[in-house]
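Participant: This is the structure, below, for whatever I ask next.
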Amino acid sequence: MTSTTTSTASTTSSTGTASAANPAGAGTTAGRGFPSAVQRAGRVNGLDGLRTLAVAMVLVYHVRPDILPGGSVGVDVFFTISGFVITRLLLAEYARTGTVGMSAFYRRRWRRLVPALFALCAVCAVLALTTSLRGFDGSLLAIGLAATFVVNIVRAVQPGVYSDITGPLAHTWSLGVEEQFYLVWPPVMILLLKRLRARTVLIVTAVLCTLPVVWRLSLWAPDAAHRIYNGTDTRADQLLAGALVAVVLARLPAGDPRLERLRVWAGRLAWPALAALALTAWQVPITGGAGWWTPAWYTVGFLAVAVASAILVAGLELRPDGTLSRLLSLTPLAWTGRNLSYGMYLWHYPIARLLGLLGVGTWQLPATAVLTILMALLSYYAVERPFLRRGQKKTAVAAPAAAEPTAATSPTPATSPTAATAAASPASPTAAASPASPAG
């Protein structure tokens, strides 16, 4: 489910033309084993458009699950985007400097995710304290859980039907998954980068992708569905799949025959991957009982979606000139995904819940969509963008002194590691990375 408002030329990041203008990464011992890390640190418009589709699926799923019974798969897509974007940024900074500024990384994450979430929590608190609306009344505990990113933990330990303890903020479980992943993965990634050869880092990342599947197989029981669905450890492969794509692409220099083969196959498989995700959203009741399908989905199904999402991410990154990339890069889709998808994810669920309590029937879906977009616009212009710009101004003040000795070869502020953050995924999304991810 996280995106950023700093714009970089996606075609430069995707085609490798940045290497000539920005040799910083390539000149430091071949990018410290990741020769393409720096040139692939910019935005990819196609991924922003994909975020828009993902959050739209989740919105429809929460209002009309009869239309898209598997619409929560949009959360899975956000997870993979978030893992990809965050890891790509970490690799770019490491290739340039030999380290990653963790305090700066977490400050960027805070500015991207927390102000907008706190604004939503404040509105829910006002409704809880001033109205007697069922579903908002007594939701102060839910607000506290959401603000501390632990909703997923609470949901994971609930047997049977979910209780209403997380109320209008139940969807923030996915933000918890992403934030908990962000606490663990960057330090682990830095440790791997500093202790192991680049090729070994790739192998270890691939192995880590398989461990959550083994863990889910060992955990599976009908009463463990909530534990598996909401656990960061049990969903980590979906984020790590995106991380693996980032590591692979950073490892392959421009002109490498393996990169060319990967570009060809990613382009060929991107459409089938998107079709598989769309079919899942349309036909598969992911969060409902479906006989034999349920254990299959909750064990290996999450990885299957992660693979499809990773293929799609790779195709959009490597083939910006492809038909799918051009469609998803259309200005309305790309701008919405880049700037509004996180806000849309945050606001859609409490709005849908409120409209349901008010008795809005036939028009609940379009009303939810319109109000969600309006609140996302307000969140973006009144909350998110001011905080992001404040952080960028602080970065700009500090950057000239640090960049002055190598001004001719240093990356511009637009492609520096402080210029963008994932989510969601969101996210997260992350990208959060994307917006921070959506939730099911």
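Participant: Given a Förster distance of 41 angstrom, what is the FRET efficiency for TRP110 paired with ASP223, based on the Cβ-Cβ distance and rounded to 0.05?
Facilitator: Plugging the Cβ-Cβ distance into 1/(1 + (r/R0)^6) gives 0.70.
Participant: Could you do me a favour and compute the accessible area per residue for the stretch 227-384, 1.4 Å probe, result in Å²?
Facilitator: 41 Å²
Participant: How do ARG64, ARG155, ARG111, ARG195 stack up against each other in accessible area, from largest to smallest, with a 1.4 angstrom probe?
Facilitator: So the residues, ranked largest to smallest area, are ARG195, ARG64, ARG111, ARG155.
Participant: Still on this structure: Using a 1.4 Å probe on the protein heavy atoms only, what accessible surface does PHE34 show? Give it in Å² to the nearest 10.
Facilitator: Answer for PHE34: close to 0 Å² accessible.
Participant: Any chance you could list the semi-axes, whole Å, largest first, of the equivalent ellipsoid that the Cα gyration tensor gives for the stretch 119-165, using √(5λ)?
Facilitator: 21, 14, 6
Participant: Shifting gears a bit: Could you give the semi-axes, largest first, of the ellipsoid that matches the stretch 214-339, computed as the square roots of 5 times the alpha carbon gyration tensor eigenvalues and rounded to whole Å?
Facilitator: Semi-axes (√(5λ), whole Å): 30, 18, 13.
Participant: Report in % the part of the accessible area of the stretch 216-333 that belongs to carbon and sulfur, leaving out ligands and nucleic acids; probe 1.4 Å.
Facilitator: Carbon and sulfur: 70 percent of the exposed surface of the stretch 216-333.
Participant: Let me ask you something else. So what is the relative contact order for the stretch 43-85, in percent, with contacts set as C-alpha pairs under 8 Å and at least six apart?
Facilitator: Value for the stretch 43-85: 36 percent.
Participant: For the stretch 106-140, list residues with backbone N below 19 Å from a point placed 7 Å from the Cα of LYS194 toward its Cβ?
Facilitator: 106-107
Participant: Please provide three numbers in whole Å: the alpha-carbon extents of the stretch 117-254 along the principal axes, with the largest listed first.
Facilitator: Principal extents (largest minus smallest coordinate, Cα): 59, 36, 24 Å.
Participant: State, as an integer percentage, the relative contact order of the stretch 212-343 based on alpha-carbon contacts under 8 Å between residues 6 or more apart.
Facilitator: 33 percent.
Participant: Moving to a separate point now. If you filter the stretch 189-238 for chymotrypsin sites (Phe, Trp or Tyr not before Pro), then keep DSSP loop positions with at most 12 other Cβ within 10 Å, what is left?
Facilitator: Within the stretch 189-238, no chymotrypsin sites (Phe, Trp or Tyr not before Pro) qualify (loop, at most 12 other Cβ atoms within 10 Å).
Participant: Using a 1.4 angstrom probe on the protein heavy atoms only, could you order THR148, THR294 from most to least accessible area?
Facilitator: Ranking THR148, THR294 by accessible area, largest first, yields THR148, THR294.
Participant: Related question: What does the accessible area per residue of the stretch 90-202 come to in Å², with a 1.4 Å probe and no ligands, DNA or RNA counted?
Facilitator: 43 Å²
Participant: Tell me the label-point distance for the pair VAL300, ASP256, using the 7 Å Cα-to-Cβ offset, in nm and rounded to one decimal.
Facilitator: Here the answer is 3.0 nm between the modelled labels.
The values are calculated or read from the model by the stated rules, or taken from the named source; none is laboratory data. Everything numeric here is computed off the predicted structure, so don't read it as measured data. All Cβ positions, glycine included, derive from the backbone under ideal geometry; neighbour counts span all protein chains shown. These accessible areas exclude ligands, DNA and RNA; they are computed on the full protein's heavy atoms, side chains included. Shrake-Rupley method; radii C 1.70, N 1.55, O 1.52, S 1.80 Å.
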